[in-house]
Amino acid sequence: MTTALDERRASPVRHAVPYPVLLTALAAVLVVSALLATGVGPVGVPADEVARILLHHLGGGGDTGAAADLIVWRIRFPRVLLGAVVGAGLALAGAVVQGVVRNPVADPYLLGLSHGASVGAVLVLTTGAAVLGALTLPAAAFAGATAAMAVVLVMARHRGRLLPMRLILVGVAFGHLFAGLTSFMLARTDSSAAQQQIIFWMLGGLSGARWETLPVTATVVAAVAVLLMIRARRLNALVLGEEASAALGVNATRLRWYLLVLTTLLTGTVVAVSGGIGFVGLIVPHLARMLVGADHRRMLPVTALLGALFLLWADVAARILIAPAELPIGILTAFLGVPFFLLVMRARGLATQENA
Amino acid sequence: MRLDLDSVSVALGGRPALDHVSMTVHSGQFAALVGPNGSGKSTLLRTVYRARRPDSGTVRLDGHDLWSVPAARTARHIGVLMQEQHTGFEFTVAETVALGRTPHLGLFDRLTRADHEAIDEALHRTGLTAFTGRRVGELSGGERQRVLLARALAQQPRLLVLDEPTNHLDLRHQLDLLELVRDLDVTVLAALHSLDLAAAYADTAAVLQDGRLVACGPPADVLTPETIGEVFGVDATVHHDDGTARFVLRPRCVCPDACHWSCRTRRLSGVGADAD
């Protein structure tokens, strides 16, 4: 079926930078960024000082009591790490949800997850419940997110199948219900302190970073990332649709369940410690696709690294722009992310064809 | 690879879409499914590539019940060219064709040399070697159809299922596709709209009407004016010259005042209805 015409339409070279080089470069930038970001703040700490303090602690050294030591090791570094972990988690969750529902505007929040988390968090903030001490708020947010996803998955099911458009419709519908519930509780509470807390929680922030909770979050994100990578090839098949998946021996509904349960775990875990940080899950996967294409085996690792980088620097901006006060990071991700995304979209001619 | 359907029935929305269909495609044979829209062609194909489990009856591959083994295993033997589906993402031609290897790969496997050879062979056969880096979304409908064929070929199937494979293809590429498929050492089950192509390329024609198999056999025996007229509700004549059959179809017109445009034009130009 080859014609002379075909031969003349040579394929353009798509990837200027070899993939392993790109991946290594991004990882290196992330490490350097973490050092720099840890130094930035109301009290500046030079990068070499940051490195020295970190090496001291990573080598098993205890707190020295110095102000810089306290700031770097106790406050900023866990926060920088949390930013990277949360960013990677949200971006990965976005990439997977976009693939699962075959919709490029999907993100982990489209399916009602974040609104569910808000209901849990607001319930705790308005009632002042503290059954689990400091862990009450994240636990309630996680429970809200997973409960929301469970309801959405069960309601979207139709004759044993889980179809994308139905998932989106049910997710959006429940999202509105949960948002209404949150607004109701917000409006009913008399405490303006609680209202303030709720608004801040819903806009997201990383000030809750603690060495005590960081390992749990990081472990969940890392474990889910590995499990997602193992399914990356099947996720490619899933993107081609129900019929194509069947033809390739992939049970679309079963794979959707599996991936959505993983995504729920991932999103619930990061939302619990960071609140509702929007937009990362929506744009970062698109940036990754622009860099390395749509093959999930290549784009998922890049998505995670870019997500980590993006949120890490967004948090730096959140900390210094109106210092000593702090901007909710959700505002930053929107302010930085939207223009950047629109610029790239126009430059790359993304989504310029109907259906494609 | 031999394919047997044994009394396969499927109901869709409470209505029977396939009604006790039994047929056999012998190893290496090309069977064409023919029938009007909604006659059950696609549904029948879907029970074979495992997108729809039959409500009753069995589909057997080389004598083994298809639906009793894991989907990933049967997908190693069955390649499918289905009606086009759009995706919102931007896979390249190479990435799309490589997906054909999915059923052959475990969760932790990487593409081996044999996989790459299968992919290159599929790209070469479909004339897509120069297209590998292009995004599928940028291609024309016909080129996209060839990408989907290449994906099916990369599966190295022993049974090829084709659902209206000549859709979106120009005349030349329709012939190229069917010539290519006939040159493969595989069993083929294809839903075809064109009776001419079915008669030219198929060993067996199976005619479906309202989910029932009304005729099955060599095209010359099955694709008769009577059967075609009955199943499609048209007036059909068949011309045989140098071994190929050509079908001339007209609306079935029984009214005295020639309600159809083509009847009126034929009368005006003095061509009698029985001139054939």
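Could you go through region A:32-47 and let me know if any residue there is open to solvent by 60 Å² or more (accessible area, probe 1.4 Å), small (Gly, Ala, Ser) and either touching a helix residue (DSSP H, G or I) at 6+ places or on another chain (Cβ under 9 Å) or part of a helix (DSSP H, G or I) (or both).
No.
Of the residues that make up region A:265-280, is at least one touching a Lys or Arg at 6+ places or on another chain (Cβ under 7 Å) and in contact (Cβ under 8 Å) with a residue 40 or more places away in the chain?
The answer is no, given that none of the residues of region A:265-280 is touching a Lys or Arg at 6+ places or on another chain (Cβ under 7 Å) and in contact (Cβ under 8 Å) with a residue 40 or more places away in the chain.
Consider A:VAL131 carefully, then state whether it is more than 16 Å from A:ILE198 (Cα to Cα) and out of contact with any helix residue (DSSP H, G or I) (no Cβ under 7 Å at 6 or more places or on another chain). First the steps, then the outcome.
On the way: more than 16 Å from A:ILE198 (Cα to Cα): yes; out of contact with any helix residue (DSSP H, G or I) (no Cβ under 7 Å at 6 or more places or on another chain): yes.
Judged against the criteria, A:VAL131 is a match.
Those residues that are in contact (Cβ under 8 Å) with a residue 12 or more places away in the chain and either β-branched (Val, Ile, Thr) or not in a helix (DSSP H, G or I) (or both), I need them from region A:329-349; list them, please.
A:ILE329, A:ILE331, A:THR333, A:VAL338, A:VAL344
Which is open to solvent by 10 Å² or more (accessible area, probe 1.4 Å), within 19 Å of the chain's Cα centre (by Cα) and more than 9 Å from chain A (Cβ to nearest Cβ), of B:LEU111, B:LEU153?
B:LEU153
Go through region B:167-188 residue by residue and tally those that are more than 13 Å from B:MET82 (Cβ to Cβ) and open to solvent by 20 Å² or more (accessible area, probe 1.4 Å).
Looking only at that region, the number is 12.
So which residues in region B:120-150 are outside any helix (DSSP H, G or I) and at the interface with chain A (Cβ under 10 Å from one of its Cβ atoms)?
Within region B:120-150, B:THR126, B:GLY127, B:LEU128, B:THR132, B:GLY133, B:ARG134, B:ARG135, B:LEU139 qualify.
Taking region A:304-336 only, how many residues are at pLDDT 80 or above and either of a type in the set (A, V, I, L, M) or under 27 Å from B:ARG135 (Cα atoms) (or both)? Before you say what the answer is, go through the steps one by one.
Residues of region A:304-336 that are at pLDDT 80 or above, as a first pass: A:304-322, A:325-336.
Still in the running and either of a type in the set (A, V, I, L, M) or under 27 Å from B:ARG135 (Cα atoms) (or both): A:304-309, A:311-312, A:314, A:316-318, A:320-322, A:325, A:327, A:329, A:331-332, A:334, A:336.
Qualifying residue count for the region: 22.
Do any helices (runs of 4 or more DSSP H) lying entirely in region B:177-276 carry at least 1 residues that are at pLDDT below 80, and which ones are they?
Hits in region B:177-276: B:261-268.
Looking at A:THR303, is it assigned to a helix (DSSP H, G or I), away from chain B (no Cβ under 14 Å) and farther than 19 Å from A:ILE75 by Cα?
Numbers: assigned to a helix (DSSP H, G or I): yes; away from chain B (no Cβ under 14 Å): no; farther than 19 Å from A:ILE75 by Cα: yes.
Spelling it out, it is not the case that A:THR303 is assigned to a helix (DSSP H, G or I), away from chain B (no Cβ under 14 Å) and farther than 19 Å from A:ILE75 by Cα.
Within region B:151-163, track down each residue that is touching a helix residue (DSSP H, G or I) at 6+ places or on another chain (Cβ under 8 Å) and either among the small types (Gly, Ala, Ser) or not in a helix (DSSP H, G or I) (or both).
Selection gives B:ALA152, B:ALA154, B:GLN155, B:GLN156, B:LEU159, B:LEU160, B:VAL161, B:LEU162, B:ASP163.
Taking region B:156-166, which residues are open to solvent by 10 Å² or more (accessible area, probe 1.4 Å) and in contact with a Gly (Cβ under 7 Å, 6 or more places away or on another chain)?
The one that is open to solvent by 10 Å² or more (accessible area, probe 1.4 Å) and in contact with a Gly (Cβ under 7 Å, 6 or more places away or on another chain): B:PRO157.
Go through (1) open to solvent by less than 20 Å² (accessible area, probe 1.4 Å); (2) assigned to a loop (DSSP other than H, G, I, E, B) and name the single condition A:GLU326 misses.
Failed condition: (1).
Scan region B:190-208 and tell me whether some residue there is open to solvent by less than 20 Å² (accessible area, probe 1.4 Å) and within 14 Å of chain A (Cβ to nearest Cβ).
yes
In region B:52-104, how many residues are surrounded by 16 or more Cβ atoms within 10 Å (Cβ to Cβ), closer than 30 Å to B:LEU5 by Cα and within 8 Å of another protein chain (Cβ to nearest Cβ)?
Of the residues in region B:52-104, 13 are surrounded by 16 or more Cβ atoms within 10 Å (Cβ to Cβ), closer than 30 Å to B:LEU5 by Cα and within 8 Å of another protein chain (Cβ to nearest Cβ).
May I ask you to list pairs of residues, at least six apart or on different chains, whose Cβ atoms are under 9 Å apart, with the first in region A:58-69 being open to solvent by 50 Å² or more (accessible area, probe 1.4 Å) and the second being charged (D, E, K, R)?
Partner pairs satisfying both residue conditions: A:ASP63/A:ASP69; A:ASP63/A:ARG74.
Collect the residues in region B:114-131 that are surrounded by fewer than 17 Cβ atoms within 10 Å (Cβ to Cβ) and among the hydrophobic types (A, V, I, L, M, F, W, C), keeping them in residue-number order.
Answer for region B:114-131, where residues must be surrounded by fewer than 17 Cβ atoms within 10 Å (Cβ to Cβ) and among the hydrophobic types (A, V, I, L, M, F, W, C): just B:ALA114.
Out of the residues in region B:17-51 that are more than 14 Å from chain A (Cβ to nearest Cβ) and β-branched (Val, Ile, Thr), state the one that is surrounded by the fewest Cβ atoms within 10 Å (Cβ to Cβ).
That would be B:THR24.
Looking for whichever is within 30 Å of B:PRO54 (Cβ to Cβ) and either surrounded by 15 or more Cβ atoms within 10 Å (Cβ to Cβ) or in contact with a helix residue (DSSP H, G or I) (Cβ under 6 Å, 6 or more places away or on another chain) (or both) here; the options are B:GLY233, B:GLY217, B:GLY211. Which one fits?
B:GLY211
Can you go through A:ALA173, A:ALA223 and tell me which one is part of a helix (DSSP H, G or I), open to solvent by less than 70 Å² (accessible area, probe 1.4 Å), over 28 Å from B:THR102 (Cα atoms) and at pLDDT 90 or above?
Result of the check over A:ALA173, A:ALA223: A:ALA173.
Pairs under 6 Å by beta carbon, first residue within 12 Å of chain B (Cβ to nearest Cβ) in region A:220-238, partner assigned to a loop (DSSP other than H, G, I, E, B) and open to solvent by less than 50 Å² (accessible area, probe 1.4 Å), six or more apart or different chains?
Taking only residues 6 or more apart or on different chains, the pairs are A:ARG234/A:VAL250; A:ALA237/A:LEU248; A:ALA237/A:VAL250.
A:ALA237 fails exactly one of the following numbered conditions: (1) part of a helix (DSSP H, G or I); (2) closer than 30 Å to A:VAL45 by Cα. What is the number of that condition?
The number of the failed condition is (2).
Scan region A:204-213 and tell me whether some residue there is out of contact with any Phe, Trp or Tyr (no Cβ under 7 Å at 6 or more places or on another chain), in a helix (DSSP H, G or I) and surrounded by fewer than 23 Cβ atoms within 10 Å (Cβ to Cβ).
No - not one qualifying residue is present in region A:204-213.
The values are calculated or read from the model by the stated rules, or taken from the named source; none is laboratory data. These figures come from a predicted structure and were not determined experimentally. All Cβ positions, even for glycine, are placed from backbone atoms using ideal geometry, and neighbour counts span all protein chains on display. Quick note on the areas: whole protein, heavy atoms, side chains included, nothing else; ligands and nucleic acids left out. Shrake-Rupley method; radii C 1.70, N 1.55, O 1.52, S 1.80 Å.
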